[in-house]
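Participant: Sending over a structure as structure tokens; questions will come in a sec.
The values are calculated or read from the model by the stated rules, or taken from the named source; none is laboratory data. Note that the structure is predicted; figures quoted are calculated from it, not measured. We place every Cβ from the backbone using ideal geometry, glycine too, and count neighbours over all the protein chains shown.
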Amino acid sequence: MILLPSDAPTELIQEYREAAQRFVDTEVFKDAAMAQLGPYTPVVGEVVEQHLQEAMSLDDATRQWLVEWLLEQHGARI
């Protein structure tokens, strides 16, 4: 995954997305990905952005459970 600063210019973001798509479309990448990960479909662009947002989001109940678990298990406060 390639992350860019949130204030990166739109044109630069588009260049990175296009380069990533060209890369995942190469036979070298496809062969290496199949050997290492098995069959899967790489995602590029806005799809990745949505997946990242979902992965980084916690609902209030899950966040509270995590806060309590970290405190109980590791004495960590967040």
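Participant: Based on this model, can you work out whether L37 counts as aliphatic (A, V, I, L, M) and exposed (fewer than 10 other Cβ atoms within 10 Å of the Cβ)?
Facilitator: The answer is yes for L37.
Participant: Tally the residues that are of a type outside the set (A, V, I, L, M) and farther than 30 Å from T10 by Cα, restricting the search to the stretch 21-58.
Facilitator: Counting residues in the stretch 21-58 that are of a type outside the set (A, V, I, L, M) and farther than 30 Å from T10 by Cα gives 4.
Participant: Run M1 past the list (1) touching a helix residue (DSSP H, G or I) at 6+ places or on another chain (Cβ under 9 Å); (2) of a type outside the set (G, A, S); (3) farther than 20 Å from A55 by Cα and report the number of the one that doesn't hold.
Facilitator: Of everything listed in (1) touching a helix residue (DSSP H, G or I) at 6+ places or on another chain (Cβ under 9 Å); (2) of a type outside the set (G, A, S); (3) farther than 20 Å from A55 by Cα, M1 misses just condition (3).
Participant: For L71, are the conditions met, namely being in contact with a Lys or Arg (Cβ under 7 Å, 6 or more places away or on another chain), in a helix (DSSP H, G or I) and at pLDDT 95 or above?
Facilitator: yes
Participant: Keeping to the stretch 19-42, report how many residues are outside any helix (DSSP H, G or I) and in contact (Cβ under 8 Å) with a residue 12 or more places away in the chain.
Facilitator: The total comes to 1.
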